[in-house]
Amino acid sequence: MTAYNLIVQGEDVSTPDLKSLYALAEASAIERVADQAFRLPNADPDKKGEVAAHCDAASLDYAFVPAGRKLSDFKLIAMDMDSTVITIECLDEIADFVGKKAEVSAITEAAMRGEITDWKESFRRRVALLAGLDQTAMQRVYDERLKLTPGAEQLIAAAKKSGIKLVLVSGGFTFFTSRLKARLGFDYEFSNTIEIADGKFTGMVLGDLVDGEAKAQHVTRVMRELGIDKEQAVAIGDGANDLRMMGEVGVGIAFHANPVVRAQATYALSHVGLEGVVNLFAA
């Protein structure tokens, strides 16, 4: 019978909350994993409902993780870019330079919630609004607005230490993924190329779009080429277009995601940064 650890983490994990969760999960101990992350060994996964209710009320993340599972057990981690590795949606920020951020953001949010069934069409609609904008807008977004998500560098460093291959797969633009690949040390990057003519956006995208299906295909192809089994791979994302990718791996992690994505993920992190992934699988 599989034994489980209950991993509890948040911005501020109080002692009373830990004691309550220890009792609710019928765990055998409380062990500190990191500053605000704790392991409760031998927790009863059948108590998930009670644990979830308590953690939701206390703004804590929780996960029932098989005992002994370590980050080094995995060989590949695939990550979405916008609102996952970085804190912004690049397309929305570019649109701000033509005064259309609100309009583009509304479409982006609907697509991330899964309310727009044709993601490719929604993406083309958003890119079309950029027609005529000077290409320097992308560099300005990168220099002035792009910030790494808290914990991103910690997760990447831990993955590299364990020899894990890193894949950055995005429905955004190669302008950003290529720079982040070089900056952070990703092994692979897949994204879309926006068309530019005479130094300005045409409002079109070159080649096939990287939608949810393409994300899954890119990840599975890399896994196949490297001889990595499904159970040895992790995918992290925040939107509906990440669900296919998350379904192709052993562990799908919903990161600050909407309820649709959280419901289908293996684990959900809604209150901590990407260091929370390291804490899930701390030895």
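The values are calculated or read from the model by the stated rules, or taken from the named source; none is laboratory data. For clarity, every value in this text was computed on a predicted model and none was experimentally measured. Reconstructed Cβ throughout: ideal geometry from the backbone, glycine too, with neighbour counts over all protein chains shown.
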Review point. For D17, all conditions in the list (1) surrounded by 13 or more Cβ atoms within 10 Å (Cβ to Cβ); (2) free of Cβ contacts under 8 Å to residues at least 40 places away in the same chain; (3) among the charged types (D, E, K, R) hold save one; what is the number of the exception?
Key: (2)
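What's the total number of residues in segment 55-110 that are among the hydroxyl-bearing types (S, T, Y), within 18 Å of the chain's Cα centre (by Cα) and closer than 30 Å to A29 by Cβ?
Of segment 55-110, the ones among the hydroxyl-bearing types (S, T, Y) are 59, 62, 72, 83-84, 87, 105, 108.
In the following step, the residues that additionally are within 18 Å of the chain's Cα centre (by Cα) were identified as 62, 83-84, 87, 108.
So of that shortlist, the ones also closer than 30 Å to A29 by Cβ come out as 62.
Of the residues in that region, 1 qualify.
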**Study point:** Test for D198: is it out of contact with any Gly (no Cβ under 6 Å at 6 or more places or on another chain), modelled with pLDDT under 95, more than 22 Å from V65 (Cα to Cα) and among the acidic types (D, E)
**Key:** no
Review point. Do we find a residue being in contact with a Phe, Trp or Tyr (Cβ under 8 Å, 6 or more places away or on another chain), of a type in the set (D, E, K, R) and surrounded by fewer than 16 Cβ atoms within 10 Å (Cβ to Cβ) anywhere in segment 135-151?
Key: yes
Check your understanding: Would you say T149 is within 17 Å of D80 (Cβ to Cβ), within 20 Å of the chain's Cα centre (by Cα) and free of Cβ contacts under 8 Å to residues at least 40 places away in the same chain?
Key -> no
Exercise for review: Go through (1) part of a loop (DSSP other than H, G, I, E, B); (2) surrounded by 16 or more Cβ atoms within 10 Å (Cβ to Cβ); (3) not assigned by TED's automatic domain parsing to the domain that holds I228 and name the single condition M1 misses.
Suggested key: (2)
